[in-house]
Amino acid sequence: MAPRALPWRARRDLSGAILAVFALALCLLVLLPIGWLVVFAFTGRGGGFTLANFRLLFSDAAFLEPLITTLTLAVSVGLVCCLVAAPLGWLVARTDMPLRRTVRFLIMASFVTPPFLGAIAWELLAAPNSGLLNQLHRASTGAGPDEVLFNVYTLHGLVLVVSCYTFPYVFVLVANALDRIPGELEDASAMLGASAFCTARRVTIPLALPALAAGALIAFLQALTLFGAPGILALPAGFHTMTTKIWSLFQYPPKPELAAAASLPLLVLTVLLLRAQSAILGRRGYTVVGGRSGPPRPVPLGVLRWPALALCLAVLSLPVFLPYLALLNAAFSRIPSQPLTVQTFTLDHLRFVFLELSATRLALKNTFLLGLAAATSGALLALVISYLTARAAIRGHRVLAFLATAPIAIPAIALGVGLFLAYTRGPVVLYGTLWILLLAYVTIELPAAYQQLQAAFRAVSPELEEASRILGASRLRTLRDVTAPLLGPSLIATWCFVFVAVVRELSAAAILFTSETKVLSVLIFDLNESGDLAAIAVLGLTMLILTSAVIAAANRVPGLGGGLRVRHY
Amino acid sequence: MRRPNVGRRGDLTVAVLVLLSATAAGAAGPAPGKVTPELIEAAKKEGKAIWYTAVDLPVAERIAKAFEAKYPGIEMRVERSGGERIFQRIGQEYASNIHAVDVVNSSDAAHFIVWKRDGILAPYVPEDVALHYPPEHKDPDGQFASWRVWLSVIGYNTRLVKPEEAPKSFADLLDPKWSGKIVKGHPGYSGTIMTATFQISRDLGWEYLEKLAKQKVMQVQSSADPPKKLALGERAIMADGNEYNLFQLKEKGEPVEIVYPAEGTPLIVGPSGVLKDAPHPNAARLLQSFLFSVQAQQLMVDSGGLRSMHALVKEKPGRKPLREIKVMKDDPAAVEKQADEIKARYSKYFKV
């Protein structure tokens, strides 16, 4: 062994250096934009320190109203998501409901749908007068022309739409947690004489509760920082959320200092919530993956099997079936609000998008290039950081964990501005290149990627790595040869997650794009502002087909696979 | 559009005479730019032209396709957004030394005052502009000219509103029966709406807009969107928006109708200019010449519903000629001074 020990040791030294580089990169990635935000928040118009921005923020109704609206929205979305995702997660993970896999897949389909596209589809469905559902309601009941079944241009409408595209986050967490609960625990409870209800109350629910709480928090934060859907639904209704307000502050004449100040309360609130969460959950151990536990025992639903499936499909009609029908209708109908018939059928919109619209090809290319690059670099970065923190591999790993989670608290639109401020002046000017968008995407998606891999690390017991280290492998080699393969499915899932999230991302891109670096989401938002709904439908459907193709391909990577259906056995 | 003072007008007459006699070297304006084989060759070498424009996207792409067909080998990229957005975008890009735009067209003529003052426009007068455009529609220093003219009108959906019940004036829009039935554009996005809001607030007073804001208005962004919302049947009435989109929709058989309000109709002028730091300087000049050619102007009028200041371009039959419409007076210099105040006041009344 002696002759081989030396090169091993040499490589271990290299590991330290490489890890330090990752840590430094992370600091730059996260601290630079946040630093600029803080500096600007405390800077007056003419320069110099001031608190005037905050004074204005907390005294002017033009800022207080959006703040209250945003909190109402976020709390409502958090609640709705839990109410919907918990039963669905349980039905899919723990019962013998038919078509469980299909339901799981369809919920993922709603996750692939960008919220801004969903919001536009819901305009087509539930705009008070031209919405297809409202038209159908009037036609079927003979109600008057002003009769409205559901108006999407309201706070209720916004809660519905945001929930539709946020509940998959909660669902995945809950379903995965339920997947992981070994059947033995429930069996033990049953053997000790507990009723099915008692087992659920004392065993299953408590074990799934942390996931539900984490899901609620994510839903809350998503709704808090989402820009696209409020931009599409709230503005026509004449109200602002914090994100649309921040966005409006960047229009001419731009007021970045006010926008920075407006985004700090969101930052503080999020940090507090995340701390509360880790204080509540962090101390208890929820490791239930011991390696050799039995598969979960499905609960027989009996006569309720089909009603349960009907419930799932009814819920899924809101984020998936109805919106896609509306988009298909808009893509091929002369006027998007007309139901598709032989008379209204047209291929004009297809022709316009693919033959006339000069931005189509560029936006498609940029989006998918950035998606691939961000997913790959983001997943790798998250892998290394979660390794460092999960295994407490270097000193200061807690700081790394905080930095990797911190971007979740920054509204993407504010992060976009932070990056804009950081990279439009020297020494490194990245504005106008795809690099700045890549930085934005990696930073924004890092928390989710990190948390996914962190959770995966927690489920993999460190003995195997320790064995590898004892045999002399460096940390990096252990990570590559032992840990990464064990984490394969989670890694691919994280990759897909970041890819999808990049395609969905609008808020930061809306600040950072230039004509040469336009992405699909920005193009679609542009088209919405000029009311070109049919072109949006064609582009949106194209985007979904391509995204699905990429995810399908990623899941066929040999030796890994598993994809968005994160499962750890 | 520009209203030169007396002294300036004298210069201008001389300039026009000089331009007409085509012996312009050293005179007030630059010599007319001819489309020479050398220019076309140089433009083809550059291979690309980037056009920031505020005109409705399908119209812009149709013009772009016509340009590409006429000059094969030059790819044209259209960057369309609202006039105010384009102004912000160019400001943001130029502040970072990004010179991505070759030719710019805004729907807010005031922007050209700012860009000219900032010295980012190149003097270039296409031959058509020199020969066929009235002096009030071209910059005396040859940095821009009125590429298009149109109106911001009232409109209604004929399935939802009978012609005899339709509003005839801005004042009619304040009738409680239209509450919740009106759609309008936003002056923070659209140069058209900015210009119209200026003219309406000047001629009717801000009280009018304050009252209109209480009518539960559906607030969209682009001035091209209210006509589309009418065609969808989403709202019965539009309080402002492009006449040219309504022409297009009406001629396709959609149930929309135009109303020229009794108080006068806001007149919008959309100039076009070449950027001094254009990344494709020859393609930029070729494009600017093309934009003002009879071909492009007639295309813009016939299929786009816009109005042209080109002397040789004909209005399309069936549309009300511009000279028969009572218009509000445009005043880009005043818009330039008041733009920020207009946006702030508008947000105060309309909440967004």
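Nothing in this text is a laboratory measurement; each read-out follows from the coordinates by a stated rule. Only a predicted model underlies this, so the values are computations on that prediction, with no experimental measurement involved. We place every Cβ from the backbone using ideal geometry, glycine too, and count neighbours over all the protein chains shown.
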Neighbour-count order for B:His132, B:His111, A:His156, B:His280, fewest beta carbons within 10 angstrom listed first: A:His156, B:His132, B:His280, B:His111
Theoretical ellipticity at 222 nm over chain B - DSSP helices of four or more residues, -39500 (n - 2.57) apiece, nearest 500: -12500 deg cm²/dmol
Shape category assigned to chain A from the gyration tensor of Cα positions, a/c cut at 1.5: oblate
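Assign unit charges at the C-beta atoms only (+1 for Lys and Arg, -1 for Asp and Glu), then state the dipole size of segment A:430-517 relative to its Cα centre in Debye, rounded to the nearest 20.
Numbers: 6 positive and 7 negative charges, 28 e Å.
For segment A:430-517, the charge dipole is close to 140 debye.
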Derived scalar couplings ³J(HN,Hα) [segment B:228-234; Karplus, 6.51 cos²θ - 1.76 cosθ + 1.60; whole Hz; x for Gly, Pro]: 5, 5, 5, 5, 5, x, 6
Residues with amide H under 5 Å from that of B:Lys48, placed H, sequence gap 5 or more: B:Glu75
Chain A, relative contact order [Cα under 8 Å, separation at least 6], %: 22 percent
Footprinting exposure proxy for A:Trp495, B:Trp150 (fewest neighbouring C-beta atoms within 10 Å first): B:Trp150, A:Trp495
Of A:Lys245/B:Lys329; B:Lys162/B:Lys326; B:Lys65/B:Lys138; B:Lys184/B:Lys276, pairs whose Cα-Cα distance is over 28 Å: A:Lys245/B:Lys329; B:Lys184/B:Lys276
DSSP-defined antiparallel bridges as percent of all bridges, the protein assembly as shown, nearest 5: 55 percent
Gaussian network model of chain B, Cα within-10 Å springs - most flexible of B:Thr192, B:Thr158, B:Thr53: B:Thr158
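If R₀ is 56 angstrom, what is the calculated FRET efficiency for the pair A:Val75 and B:Asp141, using the beta carbon separation as r and rounding to 0.05?
0.45
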Sequence-distant residues sharing a close amide H with B:Leu121 (under 5 Å, placed H): B:Lys276
In Å, descending, principal axis extents of the Cα set of segment A:30-91: 58, 32, 10
Phi-based couplings in Hz for segment B:71-88 (Karplus 6.51, -1.76, 1.60; Gly and Pro marked x): 10, x, x, 10, 7, 10, 10, 9, 10, 9, 7, x, x, 5, 5, 5, 4, 5
Least to most buried among A:Arg45, A:Arg180 (fewest other Cβ within 10 Å first): A:Arg45, A:Arg180
Helix-only [θ]222 nm of chain A, DSSP H runs n ≥ 4, -39500 (n - 2.57) each, per residue, nearest 500: -22500 deg cm²/dmol
Sequence-separation-based contact order of segment A:440-531, relative, with Cα cut under 8 Å and 6+ spacing, percent: 31 percent
Under Karplus coefficients 6.51, -1.76 and 1.60, residue-wise ³J(HN,Hα) of segment A:53-69 in Hz, glycine/proline x: 4, 6, 4, 5, 4, 9, 10, 8, 4, 5, 9, 5, 4, x, 5, 5, 4
Rounded Å value of the spacing that divides the Cα centres of segment A:229-243 and segment B:184-248: 18 Å
Between segment B:37-109 and segment B:303-320, the Cα center-to-center distance that results, in Å: 23 Å
Computed FRET value (nearest 0.05) for B:Val327 with A:Ser317, which takes r as the C-beta separation and R₀ as 56 Å: 0.65
Amide H partners (placed H, <5 Å) of B:Gly155, local residues excluded: B:Met238, B:Val259
